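A.B. asks: Got a structure for you, questions after.
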Amino acid sequence: MTSQQLEAQEHHYATSSVPQARGLVAGGDTATAAAPRAKRVQVARACQRCRRLQKACSDSRPCRRCVRAGLADECGGGPIQSRILPQPPSLQTLTSPATGIASPLGFAASPLFRNPDLPTSPRAFTGFAGESFVRKVDLLPPQVVDYCSGRFFERLAPTIPILTKEYVADMRTRAASEAGSEAYCVLLGLCAMVMLQVEEPRGNSFGQLITAENNAGYGWLLLEEALAAHRYLTRKSAPSLDSVLLVFFIYACNSSLFCHSPAFVFLREASTLFLLIKPEGMDELSRSLAERLFWVLLISERSHAIRYRRPITLQVTTNGFGMASFGENEPSLSGFKCLAALFRGLDTTFIALLNQESVSRTLPLDSLDGVEMAINTALNYSCPDDLLLTQKANLRVTQFWLRIILWQLRLRLGHLSAHRTTQSSSRTYHYPLEVAKDLTLSTRDLPIHSFQVHGAGISEKLFDIACAVVNVLARVPVAMTKTAAEDDLKYLRGLISQLPGGATVYDALLLRHIQQTLPNMRTD
């Protein structure tokens, strides 16, 4: 049992014992009141583990709590970390659902995880303006807006079609005046997202036109300005489409920078703002873009909920959006419709099961068959053969990733068997090996840039699939030769290393997991 599991178990016992003790006193036969609680003895300095858990500690080292948990060697009284500002060079961690090992969510202090192309100053997170927002002169020249909007429609719009050229032209007209400051902020967020997610970090797409040394530095400057504007803009009871777009772009920038905690905050804010939108007051173009933005937010929120065990806010009936999937029949939206179909069946019940919320009854073996059918058939009927390469890469990886997530849930519920019992092998222990094989065959013909444009999200999905393969190879006897499965794993690792965050974060984590789980496997 890992230290994270021990801490979770200890926290469960600590929180559940209080109401049980109260029930014994209230429900007993005696009429005597409970004895007054003795004052807790406080120590001058708690150990790091007790401080993190916010539990009582003792003066001895190792303390009694760590000794009881079997973690005496981890008990120490290091310096107290400041809670005022997050430090970008430090490594935030989160346990990966696929491996149970700590996965990095920020930039590491060690040279292994540090990204030399991005600044590490805390100002990158707190560079707000004063009491008012004043545009920085020449920060966003028209040439930058032209270039970034073109790159957005070329690389990102097939997956997140939340803008049209007509709407961008309208925003630029409104941004020319002070009254259109909200439109100017959306353009800031759009350009920041393109610079941080699409462009080469060490390159310089604008030469002497900008003061930043490279694209990554310029993207951070734009993000700082967007954050300052976001703080200053007036909150409305009926938000506009622009206000939701601005928060979404800030979320996307944080995701590109592996700042997942603030990214989740901005994602929840964008979802909440969308709930307050009044579609009856929109023109036809804004209504159409709001429909697309709803599905982008729903996909992003459910992906985040699956990856980090978060709750979801948006439902298909939100404000009447999503009821008929899409009213538009544009061929360019075909791939986006397929992506929405992959996530449409992942409702609140599925997320509650995934988050291990209480279930009052034992679930039958076929309880997840409907979700599995929706995932498997989402790309069969509505997806044409002439999809863009970026759409194919995203759709194929996402579908295989959702199959692994469903398999992991069935494993936890005890729905798997050693032998194939139905026409499908998805309820067998070796199923991740088949997923890896199919993923390898279906993505070998795609160029690497079709994966890279999707940012860190696609790296994390491939990482989850690879970790599931490692776990199966280590623990499940398989009929197929291990050589073929190891070749598929080698392909996945090579693909991950070329994607955002792959060489600095996920390949190192995957290598460590392989060395710990499959020590005899060659990793060169």
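A.B. asks: Sequence-distant or interchain residues sharing an amide H contact under 5 Å with Ser205, placed H: which?
C.D. replies: Residues meeting the criterion, in which the H sits 1.01 Å from N, are Asn215.
A.B. asks: Based on the Cβ-Cβ distance from Gln498 to Gln315, what FRET efficiency comes out when R0 is 25 Å, to the nearest 0.05?
C.D. replies: Once the sixth-power term is evaluated, E becomes 0.10.
A.B. asks: Let's test the formula: R0 of 45 Å, r as the Cβ-Cβ distance of Arg68 and Thr483. What FRET efficiency results, to the nearest 0.05?
C.D. replies: FRET efficiency, Arg68 to Thr483: 0.50.
A.B. asks: Enter the accessible area per residue of the range 368-524 (Å², integer; probe 1.4 Å; all protein chains in place).
C.D. replies: 43
A.B. asks: Right, here's the next one. Specify whether the C-alpha gyration tensor of the range 123-261 places it in the rounded, prolate or oblate class, a ≥ b ≥ c being the square roots of the eigenvalues: rounded for a/c under 1.5, otherwise prolate if a/b is larger than b/c and oblate if not.
C.D. replies: Working: a/c = 1.30, a/b = 1.15, b/c = 1.13.
Verdict is rounded for the range 123-261.
A.B. asks: Rounded to a whole number, what % of the accessible area of the range 423-522 do carbon and sulfur atoms account for, probe 1.4 Å?
C.D. replies: The computed percentage sits at 50.
A.B. asks: Right, another one. I'd like to compare 394-405, 267-278: which one has the highest average count of other Cβ atoms within 10 Å, and what's the full order after that?
C.D. replies: 394-405, 267-278
A.B. asks: Another question about this same structure. 5 Å is the cut-off here: which amide hydrogens, built 1.01 Å from N in the peptide plane, fall below it relative to Thr428, excluding neighbours closer than 5 in sequence?
C.D. replies: Amide H neighbours of Thr428: Ser417.
A.B. asks: Under the classification rounded if a/c is under 1.5, otherwise prolate if a/b is larger than b/c and oblate if not, where does the range 144-225 fall, given a ≥ b ≥ c as square roots of the Cα gyration tensor eigenvalues?
C.D. replies: Because a/c hits 1.5 or more and a/b fails to exceed b/c, the range 144-225 counts as oblate.
A.B. asks: By average Cβ neighbour count within 10 Å, what is the ranking of 231-244, 145-158 from highest down?
C.D. replies: Peptide ranking by packing, descending: 145-158, 231-244.
A.B. asks: With label points built 7 Å along Cα→Cβ from the Cα atoms of Lys490 and Asp347, find their separation and express it in nm.
C.D. replies: Placing both labels 7 Å beyond Cα along the Cβ direction yields 4.6 nm.
A.B. asks: Ignoring ligands, DNA and RNA, what percent of the accessible area of the range 165-237 is carbon or sulfur (1.4 Å)?
C.D. replies: Percent of accessible area from carbon and sulfur atoms in the range 165-237: 48.
A.B. asks: For the range 365-450, what does the alpha-carbon gyration tensor say about shape, rounded, prolate or oblate, given a ≥ b ≥ c as the root eigenvalues, a/c under 1.5 as rounded, and a/b over b/c as prolate?
C.D. replies: Prolate is the answer for the range 365-450, as a/c is 1.5 or above and a/b outweighs b/c.
The values are calculated or read from the model by the stated rules, or taken from the named source; none is laboratory data. Bear in mind the structure is a predicted one, so any value in this text is a computation, not a measurement. Backbone-built Cβ (ideal geometry, glycine too); neighbour counts: all protein chains shown. Each accessible area value is taken on the protein alone, full model and side chains, heavy atoms only, with ligands, DNA and RNA left out. Shrake-Rupley method; radii C 1.70, N 1.55, O 1.52, S 1.80 Å.
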